[in-house]
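The values are calculated or read from the model by the stated rules, or taken from the named source; none is laboratory data. Quick caveat, the model's predicted, so the values are computed rather than measured. With ideal geometry, Cβ positions are generated from the backbone for all residues, glycine too; neighbour counts draw on all protein chains shown. Only protein heavy atoms, including side chains, enter the accessible area calculation; ligands, DNA and RNA are left aside. Shrake-Rupley method; radii C 1.70, N 1.55, O 1.52, S 1.80 Å.
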Amino acid sequence: MRSFTITLAHRAVEDIRRGGFRQLRNYVDLCSTLARKPGMRIFFDYAQKALERTDSCYYSLIQRLLDSVDEERLCTFGVNFGFSGLIYGAGQQKQRAEQEGGPVFWLMAGRCGDAALQTRVPEEMQEKRFVWVLDATGGDPAAAVPLAKANPNCAFGVLAEPASLTPETITALASCDNLAVMPLLQSPELTGELCGALHLMRRRKMLYILTVLLDDEGASVALSTDWLECIAQETLFCLYAHRPELTASAAKKLYRGVVDSRLETGNPVLLLDWDMDISAIGQSIWKDTCIGSALPEGAGFPLQIH
């Protein structure tokens with residue numbers, strides 16, 4: 001089934017490249033018609049709404065995505081994340097939870113370079129868990145490469161400090177089609193070091209997601225036109241994560257702005273909210289869904305785990 005889905009993904013890329021927004025809309029309409037599960041119907045109904053206007057930002061964003069990310073990488077990561085992780089994996093876990101109780105873990109967190117993951121990842125695959133975020137902020141992001149290559153059906157996001165994304169490290173990471181790099185900023189401020197790393201990843205047609213930690217002050221900048229236009233020159237995706245000190249009112253305002261931006265026609269970058277979007281995805285799967293932890297005992301994680 002996964003091989004069949006990969007084939008369909010490549011065909012979709014070719015069709016959208018050839019037919020533009022019309023083919024994209026056709027695929028979304030078809031998926032909306034075929035969707036049976038409530039979570040899928042909600043997603044594709046939302047996608048149809050986002051594509052109602054011919055000047056929707058998604059047409060240009062997707063065209064840029066197809067132009068800037070290697071097709072094999074895009075299809076492999078997309079199928080591992082979307083099909084293996086969210087459709088098949090989460091669906092199998094939900095069926096088990098309905099029969100036996102217990103939580104659903106569609107997303108797992110681990111420490112990059114942790115030797116225990118060599119056995120833990122295959123064990124979690126047996127439980128139908130395929131999506132991982134690995135913390136490499138205290139070490140070498142390239143340590144994720146052997147793990148990603150040993151588990152080609154999984155999708156890995158690697159959180160990394162910009163300083164650690166050297167040309168040698170980027171070359172190593174580029175060899176894995178099932179891996180997305182997540183450069184981590186401590187505040188909404190681009191640096192020359194970060195932009196240099198992003199430039200190298202773009203040259204290699206890699207998939208990366210700019211990840212930014214926000215407090216109240218940072219949240220006030222995160223939705224500004226100047227900031228969005230600035231990061232749009234460097235990335236297609238920006239993931240915001242809440243610092244513990246971010247107040248509830250600021251978090252609510254931030255998420256409302258993130259959601260609104262995803263329906264604006266002129267927004268140049270796709271915004272995501274780690275805390276709120278991960279929770280929303282989880283609730284659409286099962287009432288008791290959370291992030292699974294494979295972290296060493298006592299280890300922290302740069303992003304909040306609910």
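Observations
- Relative contact order of region 79-185, taken over Cα pairs closer than 8 Å and 6 or more residues apart, is 26 percent.
- Loop-resident trypsin sites (Lys or Arg not before Pro) (DSSP state other than H, G, I, E or B) in region 1-76 with no more than 14 further Cβ atoms inside 10 Å of their Cβ: 36, 53.
- Among 159, 137, 79 the positive-end extreme of the charge dipole of the chain (Cβ point charges): 79
- Cβ-based net charge around residue 173, under 14 Å, with every Lys or Arg adding one and every Asp or Glu removing one: +1
- For residue 304, the amide hydrogen comes within under 5 Å of the amide hydrogens of 242, counting only partners 5 or more places away or on other chains and with H modelled in the peptide plane.
- J(HN,Hα) series, region 54-68, from Karplus relation 6.51 cos²θ - 1.76 cosθ + 1.60, nearest Hz, glycine and proline x: 5, 9, 4, 5, 5, 5, 6, 4, 5, 5, 5, 4, 5, 7, 9
- Database remark: amide H of residue 109 closer than 5 angstrom to the amide H of 133, 292, 293, 294 (H placed geometrically; neighbours at sequence offset of 5 or more, or on other chains; Pro and chain starts carry no H).
- Spatially, region 13-30 and region 243-261 are offset by 33 Å when compared through their Cα centroids.
- Carbon plus sulfur fraction of accessible area for region 82-200, probe 1.4 Å, in percent: 51
- Total charge dipole magnitude, region 5-115, about the Cα centre, Cβ charges on Lys, Arg, Asp, Glu only, Debye to nearest 20: 240
- Gyration tensor (alpha-carbon) shape descriptor, the chain, a/c threshold 1.5: rounded
- Debye, to nearest 20: dipole size of the chain, +1 on Lys, Arg Cβ, -1 on Asp, Glu Cβ: 1180
- Positive-end residue of 179, 285, 121, charge dipole of the chain with Cβ unit charges: 285
- Rounded, prolate or oblate (a/c below 1.5 giving rounded, otherwise prolate when a/b exceeds b/c) for region 16-135 by Cα gyration tensor: oblate
- Note on residue 252 and residue 12: their simple-model spin labels are 3.6 nm apart, each label 7 Å out from Cα toward Cβ.
- The 1.4 Å probe gives accessible areas that order 276, 40, largest first, as 276, 40.
- Rounded if a/c under 1.5, otherwise prolate or oblate - region 168-306, Cα gyration tensor axes: oblate
- Converting phi to 3J(HN,Hα) with the Karplus coefficients 6.51, -1.76 and 1.60 and the offset θ = phi - 60°, region 184-194 yields 9, 9, 7, 7, x, 8, 6, 10, x, 4, 5 Hz in sequence order, with x at every glycine or proline.
- Long-range HN-HN contacts of residue 289 with modeled amide H, under 5 Å: 104
- Among the GluC sites (Glu not before Pro) found in region 160-237, those both in a DSSP coil and sparsely packed, with 14 or fewer other Cβ atoms within 10 Å of their Cβ, are 189.
- Dipole check for region 86-175: with +1 at the C-beta of Lys and Arg, -1 at the C-beta of Asp and Glu, and the Cα centre as origin, the magnitude is about 240 Debye.
- Region 264-303 and region 160-188: distance between their alpha carbon centers, rounded to Å: 20
- Of all lysines in the structure, the ones whose alpha carbon falls short of 24 Å from that of residue 205, not counting any fewer than 8 places away in one chain, are 149.
- Long pairs among 37/94; 49/287; 253/287, criterion Cα-Cα beyond 18 Å: 49/287; 253/287
- Rounded to whole numbers, the Karplus 3J(HN,Hα) couplings from phi for region 81-92 are 6, x, 7, 5, x, 8, 8, 6, x, 5, x, 5 Hz, using 6.51 cos²θ - 1.76 cosθ + 1.60 with θ = phi - 60°, and x at Gly and Pro.
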